[in-house]
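What follows is one structure encoded as structure tokens, with my remarks underneath.
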Amino acid sequence: LIVITVQYRLGIFGFLTTMDGEAPGNFGLMDQSAALLWIKRNVKLFNGNEASVTLVGHGTGGVCVGLHLTSGEWTEEMFHKAIIMSGSVLLDSMVKMPSYYGPGLDEIATAFGCFRKPTSSLVDCLRRVGGQILAENSPVVDWGPVVDSGLSNITTPFIPELPMMLVHQGKLRKVPLLIGHTDMEEGLELAMGDMLEHGIGAEMFETLLGDAVMMDLSQVEFNDTVCGGNMESVLEAVHYQYKPYPATTDPMILRRRYIEFATERKYVAPTIELAM
């Protein structure tokens with residue numbers, strides 16, 4: 001067994017997009033694709049088998065594995081099996097539309113005294129900024145994977161559509177796939193600050209569940225087969241599944257139940273859907 005770990009660009013260096021051909025985005029994913037090509041060409045020099053490459057990722061890395069499974073020719077024939085741990089490409093927040101980053105571009109241009117338009121001037125200006133300065137002084141923008149279809153006439157899109165659409169269209173590569181998650185995935189992120197010390201009160205528990213349901217339903221396209229238009233019914237089902245029984249106001253129990261809800265919402269449901 002030969003294990004190869006790769007480095008790829010992150011943040012503004014790996015995922016800046018100008019929403020056009022100047023910087024389409026997804027450069028970090030292209031770095032990974034280049035690494036896979038290197039492995040295919042050279043792993044035999046380390047007694048490896050270029051015809052049996054397994055792509056493995058955890059968390060964000062797991063999301064990247066999912067994106068390679070839907071990337072078409074970018075990584076075609078470069079890997080033959082995949083393992084996704086605690087990360088699903090079907091999670092809505094993982095891939096953005098280009099317009100999402102418009103405000104971030106405005107902030108970046110202002111921070112470094114660059115012209116926002118044309119984007120060629122913006123990119124040239126940013127290239128003149130030292131890498132360390134750019135990394136340490138960039139405004140906080142959650143640069144990440146973006147739907148890059150139609151942004152460039154030179155490169156093939158890495159993410160031509162939202163992954164959910166690609167999966168539903170049968171464009172997920174057919175390779176042996178091992179996928180899973182662990183218990184309480186959201187525990188570290190949620191059980192911090194006051195929640196760590198004091199748990200969650202009953203009123204806050206109700207509010208958090210309601211806000212999550214409302215946010216998810218706002219992104220659903222309703223039709224005759226979707227019951228999501230009735231928010232009260234959906235919320236009632238969520239309460240039935242996650243409210244403690246027998247009823248309690250113990251903040252520590254409510255905290256655990258909310259973490260279970262958040263974990264299943266963010267990790268378990270997308271994992272099961274991808275596995276199916």
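The values are calculated or read from the model by the stated rules, or taken from the named source; none is laboratory data. Given the structure is predicted, the values throughout are model-derived calculations rather than measurements. Cβ atoms come from the backbone with ideal geometry, glycine included; neighbour counts cover every protein chain shown.
Does any residue of region 61-80 turn out to be of a type in the set (D, E, K, R) and either within 19 Å of the chain's Cα centre (by Cα) or not assigned by TED's automatic domain parsing to the domain that holds Gly28 (or both)?
Looking for residues that are of a type in the set (D, E, K, R) and either within 19 Å of the chain's Cα centre (by Cα) or not assigned by TED's automatic domain parsing to the domain that holds Gly28 (or both), one finds none in region 61-80, hence no.
Please count how many residues of region 89-115 are in contact with a Cys (Cβ under 8 Å, 6 or more places away or on another chain) and exposed (fewer than 13 other Cβ atoms within 10 Å of the Cβ).
Total satisfying the criteria: 2.
Residues of region 199-220 being more than 12 Å from Met231 (Cβ to Cβ) and surrounded by 12 or more Cβ atoms within 10 Å (Cβ to Cβ), which ones? Step through it out loud before you land on a result.
Taking region 199-220 as the starting set, the residues that turn out to be more than 12 Å from Met231 (Cβ to Cβ) are 199-208, 219.
Listed by number, the residues that qualify are Gly199, Ile200, Gly201, Ala202, Met204, Phe205, Glu206, Thr207, Leu208.
Can you tell me how many residues within region 157-182 are touching a helix residue (DSSP H, G or I) at 6+ places or on another chain (Cβ under 6 Å) and assigned to a loop (DSSP other than H, G, I, E, B)? If you could, list the steps in order and put the result at the bottom.
Residues of region 157-182 touching a helix residue (DSSP H, G or I) at 6+ places or on another chain (Cβ under 6 Å): 158, 172-173, 179, 181.
Still in the list and also assigned to a loop (DSSP other than H, G, I, E, B): 158, 172-173, 181.
Number satisfying all stated conditions: 4.
List, please: which pairs have Cβ atoms under 7 Å, are six or more places apart or on different chains, and start with a residue in region 244-265 that is touching a residue at least 12 places away in the same chain (Cβ under 8 Å) and more than 18 Å from Glu189 (Cβ to Cβ) and end with one that is in a helix (DSSP H, G or I) and of a type in the set (Lys, Arg)?
Note: pairs meeting the criteria are Pro244/Arg257.
Would region 230-240 turn up any residue that is modelled with pLDDT under 85, in a loop (DSSP other than H, G, I, E, B), farther than 30 Å from Gly193 by Cα and out of contact with any Pro (no Cβ under 6 Å at 6 or more places or on another chain)?
Yes, because at least one residue in region 230-240 is modelled with pLDDT under 85, in a loop (DSSP other than H, G, I, E, B), farther than 30 Å from Gly193 by Cα and out of contact with any Pro (no Cβ under 6 Å at 6 or more places or on another chain).
Restricting region 49-59 to residues that are at negative phi and out of contact with any strand residue (DSSP E or B) (no Cβ under 7 Å at 6 or more places or on another chain), which is surrounded by the most Cβ atoms within 10 Å (Cβ to Cβ)? Quick ask: steps written out before the conclusion?
Pass one, region 49-59, residues at negative phi: 49-58.
Among the residues that remain, those that are also out of contact with any strand residue (DSSP E or B) (no Cβ under 7 Å at 6 or more places or on another chain) are: 49-53.
Details: Asn49: 10, Glu50: 14, Ala51: 10, Ser52: 10, Val53: 20.
Looking at the filtered set, the residue picked out is Val53.
Residue-wise test of (1) out of contact with any Ser or Thr (no Cβ under 9 Å at 6 or more places or on another chain); (2) buried (at least 16 other Cβ atoms within 10 Å of the Cβ).
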site	(1), (2)
Gly87	no, yes
Lys117	yes, no
Arg128	yes, no
Ala135	yes, no
Ser138	yes, yes
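Residues in region 81-90: is at least one out of contact with any helix residue (DSSP H, G or I) (no Cβ under 7 Å at 6 or more places or on another chain), among the charged types (D, E, K, R) and closer than 21 Å to Arg173 by Cβ?
Initially, region 81-90 is screened for residues out of contact with any helix residue (DSSP H, G or I) (no Cβ under 7 Å at 6 or more places or on another chain), giving 81, 83.
Those left that are additionally among the charged types (D, E, K, R): 81.
Remaining after also requiring closer than 21 Å to Arg173 by Cβ: 81.
Within region 81-90 (the criterion being out of contact with any helix residue (DSSP H, G or I) (no Cβ under 7 Å at 6 or more places or on another chain), among the charged types (D, E, K, R) and closer than 21 Å to Arg173 by Cβ), the answer is yes, since at least one residue qualifies.
Restrict the check to region 26-48 and report whether at least one residue is at pLDDT 95 or above, touching a helix residue (DSSP H, G or I) at 6+ places or on another chain (Cβ under 9 Å), in the same structural domain as Trp74 (by TED's automatic domain parsing) and on the phi > 0 side of the Ramachandran plot.
yes
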